[in-house]
1. What does the charge dipole of region 124-238 about its Cα centre add up to, to the nearest 20 debye, if the Cβ of each Lys and Arg holds +1 and the Cβ of each Asp and Glu holds -1?
2. How many Å² of accessible area per residue for region 304-352, probe 1.4 Å?
3. Taking 8 Å as the Cα distance limit and 6 or more residues as the minimum spacing, I'd like the relative contact order of the chain as a percentage.
4. Just going by the charge dipole of the chain, with Lys and Arg at +1 and Asp and Glu at -1 on Cβ, which of 74, 42, 226 is farthest out on the positive end?
5. Could you give the dipole magnitude of region 126-176 about its Cα centre, charging the beta-carbon of Lys and Arg +1 and that of Asp and Glu -1, in debye to the nearest 20?
6. With point charges of +1 on the Cβ of Lys and Arg and -1 on the Cβ of Asp and Glu, referenced to the Cα centre of region 97-215, which listed residue (172, 121, 199) lies farthest in the positive direction of the dipole?
7. Report the relative contact order of region 118-275, percent, no decimals, based on alpha-carbon pairs under 8 angstrom and at least 6 residues apart.
8. Could the peptides 321-328, 58-65, 256-263 be put in order, highest first, of the mean number of other beta-carbon atoms found within 10 Å of their residues?
Amino acid sequence: MIKPFEKPIYVTRPYLPPLEEFCHGLQEIWENRWLTNNGPILQRFTQKLSNFFETDNISLFNNGTLALQIALQGMGISGEVITTPFTFVATTHALFWNKIRPVFVDIEPEYYTLDPEKVEAAITPWTTAILAVHVYGHPCKLNQLADIARRHNLRLIYDAAHAFGTEVGNKPIAHFGDLSMFSFHSTKLFHSIEGGMLIFREAGLKVMFDYLKNFGFKNEVEVVMPGTNAKMNEMQALMGIQILRYLEEIIQKRASITDVYRDRLREIPGIRLVPALPSEIKYNHAYMPIEVDEQEFGMSRDVLYEKLKEWNVFARRYFYPLICDFPCYRGISVNGNLTVARRVADRILTLPIYDSLELSYVETICEIIRHLHRKTLGEPTVNFAAFADYAGAPI
Ligand code: T4K
């Protein structure tokens, strides 16, 4: 018998390090009385990430959105940038804030990343860069995009907000393209409460990014450019340092959750799973996307999304609507039709996944989905009388 969950099951919950460890770290902050502005813990966090990614070309920020805005500004990107409409809205906002025109092109149907063929077709004399997203932590078509960027002399920028921990051929995903932006928001598998990071190929950009995030100050009396305030503080850095230690454990737990979902959902008609990733990719299990085929499943994605709430399961429709359909971006250039992106946005549902989600709960979520499918077929699969205790329970 399936019962609704007693407490809400959200799409994600932030990982938290052991409280004693965090309190111990807070003592240092109290002793230092240094809270922000390139403090010692931030410097240590930067060094640890620099070791982790094996590069000195790294800069930390107070969130991923500002990191991306600063990246575009520091690299002098202008004109048109080819990008995806199937992402979190901050990807496009970062372009807008730099007065860059986004040109939306379609995505590929397997992993939902930018379709390289569509990118090539959208290049104009005003195109200066490609801004692709490793959506859900799935690597983009790295070689094809790199080839297009090289042949057309374009900068290749990755929004890697979801991709911390993903590797391709034993290399961190940050090693691809001219620059990658990572988000350390609490909803990410690796986080610093809020936070962002840039990793880039050109060493000379570091000084530019460091000026831009600190008002353009070179020293106490010289402002060399009109910068903003996008600095990471000591509390954020402390959280980041402490969580970095547990990264592998977090990814392993999420991998086990993915396994259960894939095993249990595979045979439910109308539920499409992303194909297994090629073996050279180490996936970070950032999200658990499924597509719902209304005809086969028996109800639309939106109805399933609402029904799940009645069972206390709060899945999310990341990413619906498409960005080009938000009123503020309507009418901005879309190149070609967005057939795949539109179909995916209408069918996508991201299911709960986080390290502390018990596997038995994952099984129950799958059972609920199976039950909802069967119900549409009119098969009685549960003992309805048994739900009498659950006032308002969704049957
Ligand atoms: N590029 C891409 C591709 C991105 O996905 C994002 C951010 C960015 C750029 C920008 O990076 P940041 O500037 O954010 O660093 C969330 C996140 O706020 C956002 O960071 C993330 N993408 C986006 C995909 O998801 P919401 O509005 O859906 O979050 P919210 O508050 O509804 O949280 C989702 C669920 O998580 C809640 O239902 C419950 C749980 N939750 C959330 C928080 C914040 C908790 O349990 N505890 C918490 O503290 O945007």
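1. Values: 11 positive and 10 negative charges, 72 e Å.
So the magnitude is around 340 debye.
2. Values: 2190 Å² over 49 residues.
I get 45 Å² per residue for region 304-352.
3. Values: 786 pairs, mean separation 91.0, N = 395.
Value for the chain: 23 percent.
4. So the residue furthest toward the plus end is 226.
5. Result for region 126-176 is approximately 180 debye, rounded to the nearest 20.
6. 199
7. Values: 212 pairs, mean separation 21.5, N = 158.
Taking the mean separation of contacting Cα pairs over the length of region 118-275, I get 14 percent.
8. Per-residue Cβ counts within 10 Å, averaged per peptide and sorted highest first, yield 58-65, 256-263, 321-328.
The values are calculated or read from the model by the stated rules, or taken from the named source; none is laboratory data. Remember, predicted model here, so these are calculated numbers, not experimental data. Every residue, glycine among them, receives a Cβ derived from its backbone with ideal geometry; neighbour counts consider all protein chains shown. Accessible surface areas use protein heavy atoms only, side chains included; no ligands, DNA or RNA. Shrake-Rupley method; radii C 1.70, N 1.55, O 1.52, S 1.80 Å.
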